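To start, the structure under review is shown below, and the notes come after it.
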Amino acid sequence: MPPRPPLYARIEARLRDAIAEGRHPVGSLLPTEAELCASLKVSRHTVREALRRLVDAGLVERRQGAGSLVIAREPSRGEVHAIRNIDGLMQYASDTRLQIGRRGLAKLTREEAAQALAEPGTPWLKVEGLRLGQDGRPLATAEVLIHPRYAAVEPDLPERGAIYRVIEQRFGVEVAEVVQEISAAPMPTAVAAALRRRSREVGMFFMRRYVLKDGETLLVSRSWHPAERFTYAMRLRRQDT
């Protein structure tokens with residue numbers, strides 16, 4: 001049996017259902033945070049996280065002093081991956097479940113080595129699997145290349161939560177930055193089959209390199225997402241704001 005979703009995700013699902021069924025019609029306001037906390041017997045932090053996810057899904061708009069306005073009955077953008085900082089990557093990993101298919105040491109190909117800034121043929125811990133949503137559907141393929149110095153983390157790879165956080169806590173290191181590249185291309189045949197899509201259908205490819213304070217690569221993650229079912233949202237602010 002898959003792990004039970006987090007409390008904020010269950011509250012978000014209840015509010016989504018209420019919106020879809022018309023109990024909170026478009027143009028109406030959701031109950032206030034205080035009212036939701038009282039009726040659901042949860043903390044304000046939990047309610048705010050549930051509402052944030054509704055905003056990211058395009059269902060609700062937060063208006064200062066007015067509350068949460070319902071603006072749509074159904075999400076119009078598929079899966080939304082909203083990133084505000086590095087911890088946002090951990091949130092996405094917590095909201096989904098990693099189903100590991102294969103794991104073990106494998107020599108880096110030239111492409112993998114270029115992405116990891118390592119020597120081709122170096123054995124890194126390679127983890128392959130799928131990211132599953134709350135309903136158990138595959139959202140993305142997942143491939144993680146972990147520096148051999150941290151390969152001992154293999155027995156402790158989490159189903160939920162970010163792998164880089166587990167490594168940080170176990171080895172006392174800290175990720176200083178994440179370098180990300182996003183591209184669109186036809187999905188490889190095996191990827192399309194795993195995601196239940198047509199062969200060579202266009203997908204979104206994400207490559208992230210997690211970099212330690214000394215500039216060394218901790219790990220590289222590579223993932224494919226169906227293009228029309230995924231939105232990547234970022235909020236960028238001026239440094240002096």
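The values are calculated or read from the model by the stated rules, or taken from the named source; none is laboratory data. Not measured: the values here are computed from a predicted model. Because the Cβ atoms are built from the backbone with ideal geometry, glycine has one as well, and the counts that use them run over all protein chains shown.
A few comments on the model shown:
- Residues of the stretch 114-146 that turn out to be crowded, with 18+ Cβ neighbours inside 10 Å, free of Cβ contacts under 8 Å to residues at least 60 places away in the same chain and farther than 19 Å from TRP224 by Cα, as a count: 2
- When TYR210, TYR232 are checked against the criterion of being of a type in the set (Ser, Thr, Tyr) and at pLDDT below 90, TYR232 stands alone in meeting it.
- Within the stretch 219-235, residues that are under 29 Å from TRP124 (Cβ atoms) sit with their Cβ atoms under 9 Å from residues that are of a type in the set (Ser, Thr, Tyr) and modelled with pLDDT under 90, at 6+ positions apart or across chains, in these pairs: HIS225/TYR232.
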